[in-house]
Amino acid sequence: MSPISLHRRDALVGMAAAALTPTTAGLSTFGLGATFAPVPARAKTRRYDLRPVEVAAGVWMIEGAREVFAPANGGAIVNIVLLETRQGAVVIDTGSTLGMGAEIRAFADDRLGGVATVVNTHHHPDHWFGNGAFADRQIVALPQTAAACAQYGQDFAASLYAILGPWMSGTSPLPASGTTEAGEARIGGRALRLLALSGHTQADLAILDQDSGTLIAGDLLFLDRAPSLPDADYGIWLKALDRLAQLQPSGTVPGHGGFHRSSAALAQTRAYLEATRARLTQAADLGLAPIEAMSAGPAPAFAALGANPEEYLRSVIHRWADHETEALPLVGGL
Amino acid sequence: MGALLTSLLPGGDRPLILPATGAAAVGGDPFDSGMWPLHREAYLGKEARWSNDPAIAVLAPKAAENSAHVPFLIDATALPGRVDEILVTVDYSPFAHAMTFRPGRALPFLGFAVKYEVAGALRASARIGQDWHVGAAWVSALGGGCSAPSVAHARPDWQLGFGEMRARIWPETGRLRVNIRHPQDTGLADGVAAHFLTELFLLDADGAEIAALDLFEPLEENPSLTFLLPQDLARGEVTIRARDNLGNGFRGKVSGAEGAP
């Protein structure tokens with residue numbers, strides 16, 4: 001499987017057509033007889049109006065839209081968790097923009113006694129581009145995550161500025177300054193178990209809050225939102241799901257999708273990975289060109305998931321070579 | 001569109017990607033502006049007779065997820081008459097001419113992927129005698145596809161597996177797919193010399209040419225190509241021969257004969 005593959009040529013989305021195509025919709029105001037409304041000298045400050053919900057004792061969740069990056073959602077497509085401790089909040093992931101990070105920070109400052117520490121679960125930008133709002137606090141991630149953030153931060157920024165436009169105002173990548181590792185941690189009296197896994201990316205941190213029994217799974221788990229596979233390794237991800245299955249949490253916050261007290265995300269993520277792997281293997285084995293595999297769309301059972309077909313289209317582009325190598329025998333060379 | 005295999009996958013009978021025609025195929029420009037008039041003159045000829053023809057289908061994603069690998073499929077099998085050649089150009093690319101395909105005894109059908117430097121249309125101009133039939137698809141892209149070094153270039157061991165050729169024939173559908181491990185460096189990235197494939201031939205069991213491709217810088221790294229062969233050729237032996245700009249030759253053999261591996 002390929003190493004982390006995102007670089008500056010990646011658009012992050014199956015989307016950009018809409019975002020990058022100019023439209024003339026706004027011009028109609030200037031038609032004959034139209035009254036000129038006063039034009040503000042500056043764009044109105046965009047606000048996310050994030051709504052944290054206490055899903056378990058001391059576990060606050062901000063739920064993201066089950067969509068891909070788009071101007072309409074401003075990048076608020078990811079789940080954020082704040083754990084209440086005596087020293088302030090443990091903030092798990094910071095969102096896609098400085099503005100989103102600032103709203104998360106404001107909630108921690110106003111309601112949870114400040115910020116004890118910030119954790120980034122992995123290097124995809126919706127999970128750490130809000131770090132700038134926590135620059136005066138300790139920000140930690142797995143070592144490979146911090147390295148990947150440093151390596152790909154500028155490329156992600158270019159893509160996100162193109163897609164999200166003004167929502168990105170003031171955002172610049174600030175990778176985690178500290179590293180963390182697997183094991184038990186106690187922060188402000190709250191006991192956490194950190195699991196260093198991989199499969200969604202090369203380094204995926206999952207956190208079990210021992211006090212409430214809540215699993216904060218990062219993007220190892222998705223629910224009713226298509227998993228994102230550009231940096232995925234199916235086999236390693238499935239093994240990580242086996243590890244998570246052993247935890248028997250009282251409740252789960254997936255990286256994308258709702259809080260739940262069942263094993264629904266575990267089952268759905270596993271089924272999606274297996275079905276998508278099987279579909280692309282079948283496509284390559286039947287002699288399809290990648291554009292035909294894309295055109296066929298996601299496996300029918302998963303076509304209605306949030307962020308599909310966009311995520312499926314991305315998956316074909318990024319994972320196709322793996323399947324093709326299996327389907328085409330070696331026949332010659334230099 | 002009978003040559004497409006999309007419907008072989010469950011749910012694939014309602015394809016997401018359809019060929020665009022008219023203004024939608026070229027980014028909505030009604031003025032025939034931009035590079036296309038120049039490319040027409042340079043590659044099709046000053047006095048060339050040409051028309052946009054919905055009978056030549058060009059499939060592409062609306063947006064490039066990865067500007068280094070933007071997949072296309074050209075299906076000119078619905079054109080009336082024998083297609084002599086298909087010239088592929090990219091409207092806004094530092095290398096406008098991506099490839100020329102001479103289908104010969106293969107069908108006028110070709111799948112490939114190219115690097116994209118900026119959003120724009122890719123055009124497929126199929127020549128039948130003196131007439132050019134043109135299809136196009138417009139792709140939104142953030143860019144950087146042509147000016148970035150290949151991924152292989154960053155690896156100290158890039159020569160491991162260099163030139164490796166993988167291929168397979170599906171006799172029941174006539175498909176032939178081939179993949180060659182090659183960095184396909186364009187020469188635009190700082191300090192990285194141009195290194196790309198320049199030609200590829202399909203030959204029959206007697207060594208006679210079936211089809212030929214002239215290739216240029218835009219072709220993706222580790223390129224995969226999809227061809228469509230008539231039944232008789234798809235059930236025989238096919239040799240694939242390629243060459244790059246540094247003089248390296250690549251060779252492989254596949255067979256669609258019954259009992260062939």
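Among the aspartates and glutamates, which fall within straight-line cross-link reach of B:Lys46, defined as a Cα-Cα distance under 17 Å, with same-chain neighbours fewer than 8 residues apart omitted?
Cross-link targets: B:Asp32, B:Asp131.
May I ask for the net charge around A:Ile92, where only other residues with Cβ less than 14 Å from the Cβ of A:Ile92 are counted and Lys, Arg are +1 while Asp, Glu are -1?
Computed value for this residue: -3.
Considering Cα pairs under 8 angstrom that are at least six residues apart, work out the relative contact order of chain A and quote it in whole percent.
The value is 16 percent.
I need the phi-derived Karplus couplings for the stretch A:73-90: 6.51 cos²θ - 1.76 cosθ + 1.60, θ = phi - 60°, integer Hz, Gly and Pro marked x.
For the stretch A:73-90, the Karplus curve yields 9, x, x, 7, 10, 10, 7, 10, 10, 10, 9, 6, 9, 5, 9, x, 8, 8 Hz.
Report the net charge of residues surrounding B:Ala96, where surrounding means a beta-carbon distance below 12 angstrom and charges are Lys +1, Arg +1, Asp -1, Glu -1.
Net local charge, B:Ala96 excluded: -2.
Which of the three applies to the stretch B:1-139, rounded, prolate or oblate, going by the alpha-carbon gyration tensor with a ≥ b ≥ c and a/c under 1.5 meaning rounded?
Cα axes put the stretch B:1-139 in the oblate bin.
Which aspartates and glutamates have a Cα lying under 18 Å from the Cα of A:Lys239, excluding residues fewer than 8 positions away in the same chain?
Partners within reach: A:Asp204, A:Asp219, A:Asp231, A:Glu274.
Taking the Cβ of A:Gly64 as the center, what net charge do the other residues with Cβ under 9 Å away carry, scoring Lys and Arg +1 and Asp and Glu -1?
-1
So with the 1.4 Å probe, I'd like the accessible area per residue for the stretch A:186-334, rounded to whole Å².
31
Once ligands and nucleic acids are excluded and a 1.4 Å probe is used, how much of B:Arg243 is accessible, expressed in Å² to the nearest 10?
Accessible area, nearest 10 Å²: 100 Å².
Calculated from DSSP H runs of 4 or more alone, at -39500 (n - 2.57) each and per residue, what is the 222 nm mean residue ellipticity of chain B, nearest 500?
-500 deg cm²/dmol
Compute for chains A and B the buried accessible surface, both sides summed, probe 1.4 Å, and express it in Å² to the nearest 100.
Working: alone 15290 and 12620 Å², together 23640 Å².
So the buried area, both faces added, is about 4300 Å².
Give the shape of chain A as rounded, prolate or oblate, defined through the alpha-carbon gyration tensor: a ≥ b ≥ c are the square roots of its eigenvalues, a/c under 1.5 means rounded, and otherwise the shape is prolate if a/b is larger than b/c and oblate if not.
Verdict is oblate for chain A.
Counting each DSSP H run of 4 or more residues in chain A as -39500 (n - 2.57), what helix-only mean residue ellipticity at 222 nm follows after dividing by all residues, to the nearest 500 deg cm²/dmol?
Only helices count here, giving -9500 deg cm²/dmol.
Out of the total accessible area of the protein assembly as shown (probe 1.4 Å, heavy atoms of protein only), what percent is carbon and sulfur?
C and S atoms contribute 53 percent here.
Which shape class, rounded, prolate or oblate, goes with the stretch B:16-255 when its Cα gyration tensor gives a ≥ b ≥ c as root eigenvalues, a/c under 1.5 marks rounded, and past that a/b bigger than b/c marks prolate? Write out the running numbers ahead of the final one.
On the way: a/c = 1.73, a/b = 1.08, b/c = 1.60.
Oblate, since a/c reaches 1.5 and b/c is not below a/b.
Within chain A, what percent of beta bridges assigned by DSSP are antiparallel, to the nearest 5?
Working: 27 of 40 bridges.
Antiparallel: roughly 70 percent of the beta bridges in chain A.
What ranking, highest mean first, results for peptides B:151-157, B:182-188, A:108-114 when packing means the other Cβ atoms within 10 Å averaged over each residue? Spell out each step's value before the answer.
Working: B:151-157: 12.7, B:182-188: 20.7, A:108-114: 15.3.
Final packing ranking: B:182-188, A:108-114, B:151-157.
The values are calculated or read from the model by the stated rules, or taken from the named source; none is laboratory data. Only a predicted model underlies this, so the values are computations on that prediction, with no experimental measurement involved. With ideal geometry, Cβ positions are generated from the backbone for all residues, glycine too; neighbour counts draw on all protein chains shown. Protein only, heavy atoms only, side chains kept; ligands, DNA and RNA dropped before computing areas. Shrake-Rupley method; radii C 1.70, N 1.55, O 1.52, S 1.80 Å.
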